Amino acid sequence: MKARAFLIVLRDVLLFGALLVAFALFHHVLPKSYEPIRTVVLPTPVGTGANAAGMGADDPARPEAIVATEVGDFSAAFPDYDTGENAAYSYQAENLRIAVSFVQQNDIAYFVADVRIRNIELFQTSFAGGEFSTGVTETVRRMAKDAGAILAVSGDFCGAHKTGAVIRNGVLYREDSGDKDVCVLYYDGTMKVYSADEFSVDEAVANGAWQAWSFGPDLLDDGRALTTFSRNRVSGKNPRCAIGYYEPGHYCLVVVDGRQDGYSEGMTLEELSALFASLGCEEAYNLDGGATAMMVYDDDIISSPSDGGRASSDIICFLREGA
Amino acid sequence: MKRDFIWRFLTHATILLAGLFLTLLVLDQYNPSMDFVTSDVSKLFLLGFALCALISSIIAAVKQFRERRRNGGEKNREN
């Protein structure tokens, strides 16, 4: 009788294991690719007032129009100096300036990549396998190499989630915005973070969304550090990856190493928020952290991902000029 | 006999699915962004769990009712 009971329990335990495997298989192993829903209609370039419309162009009395830059062109704010003089890693090109600094203090180690671009289209994202899908992952290094990126960080791991708006390089892939804060980078270079309640994918698309990430939470309130967050369950000390916004064409990417005794414990959301406020960012947004958080520069992983890191579904990247 | 087999199967399926959901709820506490509990696959398993629990509970209730009636009948006969 006892032997029979033992066999029944053993059978149930084995079946339970099989059930977990089946769940994992259908939940996040079997790949499922998504077709682009629509391409975002990007704003038409800003003209030069009456001249642009062809009115008054021949009028000699008319003052010369100020030539406005095109939407998404940040030439006016693009620095003409080397931004990476004291940086650990520096890439200074005609249209892209990157300066990566490494900071280690109080058992926290992190990388800050200050990025300035001349044109919004230099702000790129890339998917594992080249298309948006769930269940397909690649290392950040592999994706960065395939894309020809000089700098890349892990994204929001959109392929691991079933909901959350996904707009990448001006293409809408997923509309269901879910219950997370959404960060939108518009084609005019501005970045805005929305709570799940206030976000409308149609509005974002209509306003020329270039990229949209769904992870969060929002880390700043008009440049001020926050102490409470919309998602608190991941608020402890962890490896982190986050993006910050100063002004159109000027951004920063932060990767915090963590879960490594004697080197770096990681940051709480509060500490991360305070860091972005001290950097002077207007907006900041938390991306997928933990073992996913990783920074790659010139095909090398420069951060120290916990547990050696894990493959992800997407990256934020800046391409080498001429790539 | 066949009904007994089905009931046994359903009770064990209920135990397994309950175990699965307890595991998923614990995982969800640690990593809510993975949608362990709210994904389409989870909802499918949840449907299976609900059906197994419902059918096995109905069978159990009917069995109990019949047993009670039989016991009641036996008591009446004894009296």
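The values are calculated or read from the model by the stated rules, or taken from the named source; none is laboratory data. Remember, it's a predicted structure, so these values are computed and weren't measured experimentally. Using ideal geometry, Cβ is built from the backbone for each residue, glycine included, and neighbour counts are taken over all protein chains shown.
The set of residues from segment A:215-249 being over 20 Å from A:Y110 (Cβ atoms), at pLDDT 95 or above and either touching a strand residue (DSSP E or B) at 6+ places or on another chain (Cβ under 8 Å) or part of a loop (DSSP other than H, G, I, E, B) (or both) comprises A:P248, A:G249. Could you tell me whether A:G155 is farther than 30 Å from A:A99 by Cβ, within 14 Å of chain B (Cβ to nearest Cβ) and in contact with a strand residue (DSSP E or B) (Cβ under 6 Å, 6 or more places away or on another chain)? The answer is no for A:G155. Considering the conditions (1) in contact with a Phe, Trp or Tyr (Cβ under 9 Å, 6 or more places away or on another chain); (2) not in a helix (DSSP H, G or I), B:L25 is excluded by exactly one of them, (2).
Annotation: A:G216 fulfils all but one of (1) touching a residue at least 60 places away in the same chain (Cβ under 8 Å); (2) closer than 26 Å to A:P31 by Cα; (3) touching a helix residue (DSSP H, G or I) at 6+ places or on another chain (Cβ under 7 Å); the unmet one is (3). Does segment A:250-257 contain at least one residue that is over 23 Å from A:I167 (Cα atoms), buried (at least 19 other Cβ atoms within 10 Å of the Cβ) and at pLDDT 95 or above? Yes: one or more hits. Within segment A:260-307, the set of residues being of a type outside the set (A, V, I, L, M, F, W, C), closer than 23 Å to A:F229 by Cα and assigned to a loop (DSSP other than H, G, I, E, B) comprises A:E265, A:G266, A:T268, A:G280, A:E282, A:D288, A:G289. Considering segment A:7-35, and only residues there that are under 21 Å from A:V166 (Cβ atoms) and either at pLDDT 90 or above or within 7 Å of chain B (Cβ to nearest Cβ) (or both), the residue that is surrounded by the fewest Cβ atoms within 10 Å (Cβ to Cβ) turns out to be A:F26. In a loop (DSSP other than H, G, I, E, B) and touching a residue at least 60 places away in the same chain (Cβ under 8 Å): is that true of A:G189 in this structure? Yes; evaluated as a whole, the condition is true for this residue. Screening segment A:301-319 for residues that are within 14 Å of A:M143 (Cβ to Cβ) and among the charged types (D, E, K, R) and picking the one that is farthest from the chain's Cα centre (by Cα) gives A:R310. Among the residues of segment A:1-46, the ones that are farther than 30 Å from A:Q211 by Cβ and assigned to a loop (DSSP other than H, G, I, E, B) come to 1 in all.
Before we move on, is A:Y263 more than 18 Å from the chain's Cα centre (by Cα) and hydroxyl-bearing (S, T, Y)? When the stated conditions are applied, A:Y263 passes them.
Answer yes or no: is there a residue in segment A:138-161 that is in contact with a Leu (Cβ under 6 Å, 6 or more places away or on another chain), of a type in the set (D, E, K, R), within 27 Å of A:L25 (Cβ to Cβ) and touching a residue at least 12 places away in the same chain (Cβ under 8 Å). Yes, that holds for at least one residue.
Going residue by residue through segment B:18-36, is there one that turns out to be within 12 Å of chain A (Cβ to nearest Cβ), within 18 Å of the chain's Cα centre (by Cα) and over 30 Å from A:T292 (Cα atoms)? Yes, some residue in segment B:18-36 is within 12 Å of chain A (Cβ to nearest Cβ), within 18 Å of the chain's Cα centre (by Cα) and over 30 Å from A:T292 (Cα atoms).
Of everything in segment A:145-167 that is closer than 21 Å to A:D114 by Cα and in contact with a helix residue (DSSP H, G or I) (Cβ under 9 Å, 6 or more places away or on another chain), the residue that is surrounded by the most Cβ atoms within 10 Å (Cβ to Cβ) is A:S154. Candidates B:A13, B:A60: the one that is more than 8 Å from chain A (Cβ to nearest Cβ), on the phi < 0 side of the Ramachandran plot and in contact with a Cys (Cβ under 7 Å, 6 or more places away or on another chain) is B:A13. Residues in segment A:223-246 that are of a type in the set (D, E, K, R) and either under 22 Å from A:F157 (Cβ atoms) or under 16 Å from the mean Cα position of the chain (by Cα) (or both): A:R231, A:R233, A:K237, A:R240. Test A:L96 against the criterion of being outside the structural domain of A:S154 (by TED's automatic domain parsing), farther than 30 Å from A:E175 by Cβ and either modelled with pLDDT of 90 or more or touching a Pro at 6+ places or on another chain (Cβ under 7 Å) (or both), and give yes or no. Criteria not met by A:L96.
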